[in-house]
Every structure is written in structure tokens, then in C-alpha cells.
Protein chains: 2
Amino acid sequence: MSTQINQVEALLHTLQDGLCAELVRMDGKACFVEDVWSRPAGGGGCTRVLRDGGVFEQAGVSFSCVTGEQLPPSATVDRSELAGHGFVATGLSLVLHPENPYIPAAHANVRYFEVCRENAEPVWWFGGGFDLTPFYPFDEDVVHWHTVARDLCAPFGVTVYPRYKKRCDDYFYLKHRSEARGVGGLFYDDLNEGGFARCLAFTRSVGQGFLDAYVPIVERRRHISWGERERQFQLYRRGRYVEFNLVYDRGTLFGLQSGGRTESILMSLPPQVRFEYAYQIQPGSPEARLASYLKARDWV
Amino acid sequence: MSTQINQVEALLHTLQDGLCAELVRMDGKACFVEDVWSRPAGGGGCTRVLRDGGVFEQAGVSFSCVTGEQLPPSATVDRSELAGHGFVATGLSLVLHPENPYIPAAHANVRYFEVCRENAEPVWWFGGGFDLTPFYPFDEDVVHWHTVARDLCAPFGVTVYPRYKKRCDDYFYLKHRSEARGVGGLFYDDLNEGGFARCLAFTRSVGQGFLDAYVPIVERRRHISWGERERQFQLYRRGRYVEFNLVYDRGTLFGLQSGGRTESILMSLPPQVRFEYAYQIQPGSPEARLASYLKARDWV
């Protein structure tokens, strides 16, 4: 283990504690249950899940650090020559499924890979980001979300936000639906430019910035009353979340391919879901508004 | 279009009508709604879905015939040299999600591919099979299911059932859960041995045999009363069905990759589903019985 991985792990643990504390405060009812696990093939993790809360139907914040003999192809797009080498991967994933359909679902992830090669320096890179999945979107919320994203990127260069915003739009896209998963945010991968310290600092900013982006949205929407109609729409739209995570998400596929802990990987799936053949949305209805948000757009 | 494809299409239409008629009879309450669709890139289909029935929460029987310029890799395991060539693919898929948790979910599929190559005879093959996914299994049902499967294979050779039974066990397996999707049945692919007429006859036997296998099970279990406990277990187990279809199922991936009609492909997903982190089954409970059925076993 390098000192680099120790620094990343320390950051991820700090982030996990900070995120969980704030989520519990916001939720006001339930708390996290923690599972500490180890992986027979090497490594382990700590998965925290809060259920049936005052705000969150389910909230999961999972830390993992796994080692392996063979890097799976899903781990890297830009560095396919590294597939098959020994690796260490550590990451923190957060997935929030609020009960109130007026509060968007949210996801954040930060991760770090180190690949060991014989007679050569290890190759390392960071990845991460956060994205928002509303059911009944509010412009004000989406603009706020992207403003926080832009502002946290600013110290790292003016091109950072537009590049990572676009990568997020490209990544969280359901090709078979011609539809984005949500309204985007930030997504980066294969990041090692500018040295380790800078990349670590950027990753810290993303992890901490998530709460600045999400908490005000929850506070604004948590008291909107909702009924069966909104619930049914939310359950239906959660189906898209399942489709994305199981068909496209590289983190999910990496986890399943690398023999990760299935329960921790799939805690991203919403607790209740509905699939409906040939679902029809009434034109002009509140539900019909969502479609126009699921196309990439400049928000700030 | 070859005369072969015309013969297959005729069979599939006959099977679709026969299957739907019998399902409606069994259901006794709802009927099928039909969508006839065409695909911009070539071909089309006819999707029939029955919902909120007396027996079936959802039943889908979908015919499709699609043409394409480039065979996707998911279309064939044994003939990877054909990937990228022009093709015609036609198939019939049936997915049944009964409401009563004591009635197993069931799936059947038959399909035919023809790949066109310049200056060479077309290459063709059949695929298909059926498999059963119980929640509260009964030995009697599983033995019956496999007995019908064995008997319909018998005229085609004594090795057919054991080979296709094993392929079914191998195929419907969730590696990340170390668990079968259900209790298996038959699965074949890349079949062209013995000539077209024999392969077509076998495919007819599989399509027709499905009802012999499934109807008696429905009739035996449809009047068992059930409550919230069984429903919750069924919804949870349906999550595994979603995991399999979106992560592993080649037909689903082929459809999504080849620009198929998404609604028709994903009508296989159960209408309501529950995902639960770290779900615990009480040892010795009726729900705990299922696990031992989700390992490959000889049933006849």
C-alpha cells in the first residue's frame, strides 16, 4: 500500500462520517445501520444504510477498498492496456432515495485506483462526481445544483466544470430510452493531471460540495405534500434508475465483475420500483414536464 | 427473405395466437392488448400484454422480426466471426408474472437468426427454451415441468434433454448471487444440426410444450390463499429477475444493442419489484426453502 492510498482512505472515511452525520440530521427520524465486511479475495468495506426515515426511504453511504489480481475492463476506459494487472481500488458511494417524490434522488461517488506493474511505477487515477435525479423538477433546484458544481470546480480551472458537466451528461444517459437519467452534475474519471495532491484536493471538494448542492433542495421540497399519483410516478421513474445502474453503470459492473460485495453494490437500487409497459404520460400534466429536463442543457 | 424465414414466422404467429388464447382462458378476467409496431431500422413486431388479470399481474407475448446491417456480438456466442454481418432475427418471447406468489413466474422464448454474407450461403440457427421461477416451490411442480421438457425432447434424441437442461442451468445463473434464477428447464442456441426441418420441428415442440408444462402448475396453485408476507417475498424475489434480465440476459442486451423496441424488450420486467439491502430470511421459514431449489439439480 502506498502512502497515497492511505491519504485517499483517510479522506473517504472523513467524508463518510460527515455525510452520514448530515443525512441523519436532515432525516430527523432514522439512523444508519453499519455493516463492516471483508472480501475473501482481498480488501473490504463499511456499508451504512438508513431506511424508512423521515426524509429518506433509503440512504446508503458505502466505503470500500478492494485489491485484486486482475483489473476488470470496466475499471478504466482510457487505460485499457492496464486491464489484467493487479490493482487497489477504493471508493465512497452515496445513493439517496427520498420518500417524497418532490425531493430528487441523488448520487455521489469518489474513487481512486492504483495499478501495480512489474518494474514500473504504479499508475493511479481518481474518478468521481455527483448527479441529481428529480421526478418533479424545479428550475431553481437544478440551477442551484449546477451552480454549486461550477463553483467548487472553479479553483481547479475554468474548463473543469464544463468538461465534467458534459461527461456527466454523456455518462448518465440511457441510450435505449434516448433519455438522460436526470439533470446531471459532475463526472470525472482517469484523473491524474496536475499531480496527486491536486487531484486529492479536487476529490475532497467534490465530496464536500455534494452537501452544499443537495441540502438546500431537500429543505425547500420536504414539506410539499404528495399523494398516490406522485408516488406512482416516482416508482415508475425509479425503474429508469434500475435500468441505468444494471445495464450501463460502470461502477456497478466493476463491482459485480470484480467479485465485490453484492449487497453493497446493489444498495444503489431503489427500495420499491414499478415497471409499466407502454406507460403513457398525459400531455400537459405535471409528469409531462420531466421529459424536457432529461436532455442535456446548460444550467448556469 | 428466404422461404425458411417465412416458415419460422408462420410458426411463431401460430404459437403466439395459441399461447395467448390459452393464457386468456386460464386468466379468466383480463385480455391481451396488442401493439403492432415497426422499427425504423427495419422490421417490426406485435407485442401483446395482459395486465391486472385473474391470474396474471402481467403476461406478455411478443413477436418480433428485425433486420439489421450489423449482427451485435450478443446474438451469438459460438459464431463470433459473424458479428458485423447483415442479419434477420425473428423470435417470440413470453413472460408471465402471476399475482399469486404460489404460482411460479415463467418464461419461454423461441428465435431464429439468418446471417447474410457476400458470395456465400446464409448461415442460420435456432434458439429457444423455457424456464420456471418459483417463489414457494413444490417438488411436484418442478418434476412435472422437467418431465414435460424431457418428453418433448425425446423424439429428437436421448441426449437433447440433458444437454439443454444443463445449458438452461448454466444460462439462468446470477453469478454475483451464486444463485440460479429459478429451477431451469430447457435452453438451446446456435442450433442447426440435422437440417432446417428438424430444427423447426423441435422449436415447434418447445413452443407447444410450454403450455403442457405450465398450465397444470397454475391450475394446482391458483387457489392457494396468500397474504402480505408472501407478497413481500415475491416482490423481493422479483428483484433477482430484474437483476438477471438487465445484467446477463443476452436477448435483452441483443434487443437494446440492436435498437429494438424498448417497451417490448423490457415488458419482461415484473410490474412491481422490491429491492432490500441485506435481506434476511428466517431459517426454517417457508421462504428459506427456496434457496435449495436455486442450485442445479436433476429433477427427472
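When the convex hull of its Cα atoms is viewed from all sides, the protein assembly as shown shows a mean projected area of 28.5 nm².
Over chain B, what is the mean sequence separation of C-alpha contacts under 8 Å (at least six apart), divided by residue count, expressed as relative contact order in percent? After rounding, I find 17 percent. Taking 7 Å steps out from each Cα toward its Cβ at A:ASP17 and A:LYS295 produces label points 4.7 nm apart. Across B:GLY128, B:GLY157, B:GLY45, mean-square fluctuation computed from a Gaussian network of chain B (C-alpha pairs under 10 Å connected) peaks at B:GLY157. The magnitude of the dipole of the protein assembly as shown, with charges of +1 and -1 set on the Cβ of Lys/Arg and Asp/Glu and taken from the Cα centre, is near 480 debye. The residue list A:TYR173, A:LEU200, A:THR159 was ranked by how far each Cα lies along the charge dipole of segment A:159-226 toward its positive end, using unit charges on Cβ atoms, and A:TYR173 comes out on top.
Taken about its Cα centre, segment A:1-117 carries a charge dipole of roughly 100 debye when the Cβ of each Lys and Arg holds +1 and the Cβ of each Asp and Glu holds -1. Simple spin-label estimate for A:SER80 and B:ALA83 gives 1.0 nm between the two label positions (7 Å along the Cα-to-Cβ direction from each Cα). Just list whichever of A:LYS166/B:LYS175; B:LYS165/B:LYS295; A:LYS166/A:LYS295; A:LYS175/A:LYS295; B:LYS29/B:LYS165 have alpha carbons separated by over 23 Å in the model shown. In this structure, A:LYS166/B:LYS175; B:LYS29/B:LYS165 lie more than 23 Å apart at Cα. Each copy carries a label point for B:GLU69 at 7 Å from Cα toward Cβ; from one copy, the others' points are 4.3 nm away, ordered from shortest. What's the center-to-center distance, using Cα atoms, between segment B:184-207 and segment B:27-55 in Å? What the calculation gives is 25 Å, centre to centre. Overall, the ratio between the Cα radius of gyration of segment A:149-300 and 2.2 N^0.38 Å, rounded to two decimals, is 1.18. Give the shape of segment B:75-201 as rounded, prolate or oblate, defined through the alpha-carbon gyration tensor: a ≥ b ≥ c are the square roots of its eigenvalues, a/c under 1.5 means rounded, and otherwise the shape is prolate if a/b is larger than b/c and oblate if not. Verdict is prolate for segment B:75-201.
Per Stokes-Einstein, at 4 °C and 1.567 mPa s, what whole-number D in µm² s⁻¹ belongs to segment A:1-140, with the Kirkwood radius over Cα pairs as the hydrodynamic radius?
78 µm²/s
Residue-wise HN-Hα couplings along segment B:108-122, as the Karplus relation 6.51 cos²θ - 1.76 cosθ + 1.60 with θ = phi - 60° gives them from phi, are 9, 7, 10, 8, 9, 10, 9, 10, 9, 10, 5, 6, 8, 4, x Hz; Gly and Pro carry x.
The GluC sites (Glu not before Pro) of segment B:175-257 that DSSP puts in a loop, and whose beta carbon has at most 15 other beta carbons within 10 Å, are B:GLU193.
Any read-out appearing in this document is the output of simple, stated calculations on the displayed coordinates, not a laboratory observation. Computed from a predicted structure; not experimentally measured. Glycine also receives a Cβ, built like all others from the backbone with ideal geometry; neighbour counts cover every protein chain displayed.
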